[in-house]
1. Mind telling me which of the residues R65, R70 ends up being free of Cβ contacts under 8 Å to residues at least 40 places away in the same chain, open to solvent by less than 60 Å² (accessible area, probe 1.4 Å), under 21 Å from G8 (Cβ atoms) and in contact with a strand residue (DSSP E or B) (Cβ under 8 Å, 6 or more places away or on another chain)?
2. Testing S52 on (1) crowded, with 17+ Cβ neighbours inside 10 Å; (2) over 17 Å from V117 (Cβ atoms); (3) small (G, A, S), one condition comes back false. Which one is that?
3. Are there any pairs, at least 6 apart or on different chains, whose C-beta atoms fall under 9 Å, with the first in the stretch 107-121 and at positive phi and the second surrounded by fewer than 18 Cβ atoms within 10 Å (Cβ to Cβ) and of a type outside the set (G, A, S), and if so, which?
4. For the stretch 1-34, how many residues meet the condition of being not in a strand (DSSP E or B) and not β-branched (V, I, T)?
5. Out of (1) part of a strand (DSSP E or B); (2) of a type in the set (G, A, S); (3) more than 14 Å from the chain's Cα centre (by Cα), what's the single condition that is false for G40?
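The values are calculated or read from the model by the stated rules, or taken from the named source; none is laboratory data. What you see is a predicted model, and the numbers here were worked out from it, not measured in a lab. Here the Cβ is made from the backbone with ideal geometry for all residues, glycine too, and neighbour counts use every protein chain on show. Accessible surface is based on the protein model in full, side chains and every heavy atom, while ligands, DNA and RNA are left aside. Shrake-Rupley method; radii C 1.70, N 1.55, O 1.52, S 1.80 Å.
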Amino acid sequence: QLVESGGGLVQAGDSLRLSCTVSGRTFSNSAMAWFRQVSGKEREYVASISGSGGETDYEDSVKGRFTISRDNAKNTLYLQMNSLKTEDTAVYYCAVGVVVATRRSTSYLYWGRGTQVTVSS
């Protein structure tokens, strides 16, 4: 139901925009979020957005560089990533299914399969 896209291999300082398309049902009343995970490490919170899109929250390391947004008419979540750093390398996952946005991954009911982002120096 959730499919991420837009990942790839880029150089430090470049930009990428990730998309997460939701199918099968609408989540316009649900908060959505992006998480990321490096192999062998725990899944890490990146950003979240309220159902209306009016409220956003970011993990400190991406604040000012990443922008989360959503288009409820298209059932799509976005993550614009600018000034990418090598430490941003990870598999990025979108998540949905909670009324109020939270940084806790266990609160989200539905997850995509992830898209790989690799930032080289």
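1. Going through R65, R70 in turn, the sole match is R65.
2. All conditions pass for S52, except number (1).
3. Pairs found: G114/Q37.
4. Residues in the stretch 1-34 being not in a strand (DSSP E or B) and not β-branched (V, I, T): 14 in total.
5. Here G40 meets the rest and fails (1).
For (1) out of contact with any strand residue (DSSP E or B) (no Cβ under 6 Å at 6 or more places or on another chain); (2) at negative phi; (3) open to solvent by 60 Å² or more (accessible area, probe 1.4 Å), each residue gets a yes or a no:
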residue	(1), (2), (3)
R17	no, yes, yes
V22	no, yes, no
N29	yes, yes, yes
E44	no, yes, yes
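Conditions (1) at pLDDT 95 or above; (2) of a type in the set (A, V, I, L, M), marked per residue:
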site	(1), (2)
V3	yes, yes
S30	no, no
A33	yes, yes
E44	yes, no
A47	yes, yes
R65	yes, no
N82	yes, no
T102	no, no
Y110	no, no
